[in-house]
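Please read the structure below before turning to the comments.
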Amino acid sequence: MIEDGFYYDFKYDPGFTPEDLQRISQEMEKISAEGHAIEREEMESGAAIEMFRSAGEDFKAEIIEDLAEATVSLYLQGDFVDLCRGPHVPSTKRLKAFELLSVAGAYWRGDERNPMLQRIYGTAFADRKALKLHLARIEEARKRDHRKLGKALGLFSFHQEAPGCPFFHPDGATVYNLLVDYIRGLYGRYGYQEVITPQILDVDLWHRSGHYENYRENMYFTSVEEREFAVKPMNCPTHCLMYSEQVRSYRELPVRMADLGRLHRFERSGVVHGLTRVRSFSQDDAHIFCTPEQIQSEIQSVISMIRSAQEVFGFSETRTYLSTKPGKAIGDASMWERAEAALHAVLESDGGEYSVNEGDGAFYGPKIDFCILDAMKREWQLGTVQLDFFLPERFDLKYVDSAGAHQRPVMIHRAVLGSIERFMGILIEHTGGALPLWLAPVQTRLVTVTDRQNEYATRVEATLKARGLRAKADLRNEKLGFKIREAQQNKVPVIAVIGDREVEQGSVSPRLRGGSQLDSMTVDEFAGWLVERSVPGDGGVP
């Protein structure tokens, strides 16, 4: 099962066609109407392995072998037997509102060295009305797909020469840099100092930090002059090195280092997805080195920072999760207990609702994840704050306390938007490409009725640009209706029409991308109107 649906993998080398899905769906309808009983049965694992292997179900046998459990649960439906933990409905008659959605290739267990399987995705609901609403949301998601909109709006592209690595075009780079500028503005308000660190570092550093043992499958490596290096997948070890360069007093803490440097992580080709899952990205990453007494106030400050960003970007529905010690954890149990207790205390004092995700913490410490629901009610994790007692131990980080003794600082990892690339993809889908005025690559397009207004439109464009606005004059010899429709399709927030009357009056006639017409304004009034609405958090233009 997956959120809002399910999938089932098949070894079927010819591959399924849309016609196959239709036939399978018809057979499912028939089975549903027949009302077959669905019964649960437990079987000794060895017997289950033998049964599935004799039936040619080697993948299920392999799953049971890896479970290493004495018994497994099976579900029987007529002469069909399947491996599943359950629970299931008692009869197929209960299953009436379902739909098969798509087919995709999927390597067995996500490893390209394994056989390629055919994965059929579907969804099911309690009734047809709920299913219909869900299918409408899926169709809306297709329209808002950031990969489709990114290409149509000329924001970014991808090339096989650099798989999983986006190329940002001028308009896309404008949006990208505006997001970075917004984050840098937060740094000033919340007391961060920005640093720049190398992208390629000796592998010994990643052994020391624990990333090599716990993360190497997602890292890139290279050899130079008989030394092995790794391309940086995250910034934390480099910030530890910088902190350790000098003896620090407790009076200097907290030290807040922010880093927008480029990171590289190897994501398997099967999971790379537009901007939301890439191999090269920049993260609004920071690390706070503080005393144990400062933990609560620092994390509360991070929470305030994250929530202010959620509000600016119009994410009104949010969720908070506390993720605890995972199976692949490093550090001793007492460290984890202290860290988890500290995060629990902060969330309790904050007063907001939160859920606990058992075993979903980072390998070096527990974390709080801040998620948003987009316009289609999909959940995305953006901000995160992670408490780490481990890396300060590994790097022997110290500060001198008020008594002159050396003490160990605590390290807080935090991000607000997360990956800028991923956030940009999420925001494009959330807004359907209609970015708010302050983020739009072109804030206003000046469209002339005839060539007679071109000289005036050029002067208006220069005046607006001098005010720091992103204006562009459309001087093509095309019909006015064509220019306006194209500007609307390009999601330009404000279209300023210029005809002979506007030239005579020194004005423009603005209209919003949604079609609303505004009163005529002088060029100065129009510039002021745009500047007033070009503030982060001002939705301004529908």
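Rounded to the nearest 20 debye, what is the charge dipole size of the range 444-532 about its Cα centre when +1 sits on each Lys and Arg Cβ and -1 on each Asp and Glu Cβ?
460 debye
Local charge sum around Thr123 (other residues, Cβ-Cβ under 11 Å, Lys/Arg +1, Asp/Glu -1)?
So the environment of Thr123 carries a net charge of -2.
So who's got an amide H within less than 5 Å of the one on Gly418, skipping anything under 5 residues away but keeping other chains? H placed 1.01 Å off N, in plane.
Correct list: Asp284.
Give me Thr222, Thr448, Thr92, Thr291 sorted ascending by neighbouring Cβ count inside 10 Å, so fewest comes first.
Thr222, Thr291, Thr92, Thr448
Taking the Cα centre of the chain as origin, sum charge times position over the Cβ atoms of Lys and Arg (+1) and Asp and Glu (-1), and report the length of that vector in debye to the nearest 20.
Using only the charged Cβ atoms, the result is roughly 1920 debye.
Against the globular-protein guess of 2.2 N^0.38 Å, express the Cα radius of gyration of the range 334-432 as a ratio, rounded to two decimals.
The value comes to 1.35.
Run lengths n ≥ 4 of DSSP H only: what is the helix-derived mean residue ellipticity at 222 nm for the chain, with -39500 (n - 2.57) per run over all residues, to the nearest 500?
Estimated from H runs of four or more residues: -11000 deg cm²/dmol.
Please compute the length gained on full extension between Lys143 and Arg85, using 0.36 nm multiplied by the number of residues separating them and subtracting their Cα-Cα distance.
Answer, rounded to one decimal: 17.3 nm.
Under unit Cβ charges (Lys, Arg +1; Asp, Glu -1), what dipole magnitude, rounded to 20 debye, does the range 295-367 have relative to its Cα centre?
The dipole of the range 295-367 has a size of about 200 debye.
Which of the DSSP-defined H helices in the chain satisfy a minimum axial length of 27 Å, computed from C-alpha atoms, and a minimum mean Kyte-Doolittle hydropathy of -1.0?
Sorted by number, the helices that extend far enough and score high enough are 170-190.
Among Tyr12, Met51, Ile63, whose Cα sits farthest toward the positive end of the charge dipole of the range 6-150 (+1 at Cβ of Lys/Arg, -1 at Cβ of Asp/Glu, about the Cα centre)?
After comparing all options, I get Tyr12.
What ranking do Tyr243, Tyr8 get, fewest neighbouring Cβ atoms within 10 angstrom at the top?
So the residues, fewest neighbours to most, are Tyr8, Tyr243.
Can you give the convex hull volume per residue for the Cα atoms of the range 155-431, as a whole number of Å³?
Each residue corresponds to 144 Å³ of Cα convex hull volume.
Taking Lys132 as the anchor, which aspartates and glutamates have their alpha carbon closer than 12 Å to its alpha carbon, excluding any fewer than eight residues away along the same chain?
Excluding near neighbours in sequence, the set is Glu99.
So if I take the centroid of the Cα atoms in the range 175-205 and the same for the range 451-493, what is the distance between those two points in Å?
With the range 175-205 and the range 451-493 each reduced to a Cα centre, they are spaced 35 Å.
Treating the chain as a set of equal point scatterers at the Cα positions, no solvent, please give the Debye-formula log₁₀ I(q)/I(0) at q = 0.07, 0.11, 0.13 Å⁻¹.
-0.56, -1.17, -1.36
Residues with beta-carbon under 9 Å from that of Phe266, excluding Phe266: net charge, scoring Lys, Arg +1 and Asp, Glu -1?
The answer is +1.
From the backbone phi of the range 251-267, what are the Karplus-calculated ³J(HN,Hα) couplings (6.51 cos²θ - 1.76 cosθ + 1.60, θ = phi - 60°) in whole Hz, Gly and Pro given as x?
Result, ordered by residue: 5, 7, 7, x, 9, 10, 9, 10, 8, 9, x, 6, 10, 9, 9, 7, 9 Hz.
Taking each pair of different alpha-carbon atoms in the range 444-532 once, compute 1/r for the pair, average those values, and report the inverse of that mean as the Kirkwood hydrodynamic radius in Å to one decimal.
The Cα-based Kirkwood calculation yields 12.6 Å.
Ile303: net charge of surrounding residues, Cβ under 14 Å, Lys/Arg +1, Asp/Glu -1, itself excluded?
Counting the neighbours of Ile303, the net charge comes to -2.
Quick one: which residues, 5+ away or cross-chain, put their amide H under 5 Å from the amide H of Ala473? H built at 1.01 Å from N.
Leu446
Averaged over every viewing direction, what's the projected area of the C-alpha convex hull for the range 6-150? Give it in nm², one decimal, please.
Result: 10.8 nm².
Counting only C-alpha contacts under 8 Å and six or more residues apart, can you give the relative contact order of the chain as a whole percent?
Computed over the chain, the figure is 11 percent.
Could you pull out every residue, at least 5 positions away or on a different chain, whose amide H is within less than 5 Å of the one on His36? Hs are placed 1.01 Å off N in the peptide plane, and Pro or chain starts have none.
Amide H neighbours of His36: Thr92, Lys93.
Which one, Ala466, Asn218, Thr522, projects farthest toward the positive side of the charge dipole computed for the chain from Cβ point charges (K/R +1, D/E -1)?
Thr522
Going by C-beta contacts inside 10 Å, put Ile38, Ile2, Ile24, Ile368 in order with the fewest on the left.
Ile2, Ile24, Ile38, Ile368
So between Arg119 and Asp401, what do we pick up on full extension, going 0.36 nm a residue minus the alpha carbon distance?
95.7 nm
Throughout, read-outs are computed from the coordinates displayed, never taken from laboratory work. The structure presented is a predicted model; accordingly, all values stated were derived computationally and were not measured. Neighbour counts are summed over all protein chains in view; Cβ atoms, including those assigned to glycine, are modelled from backbone coordinates with ideal geometry.
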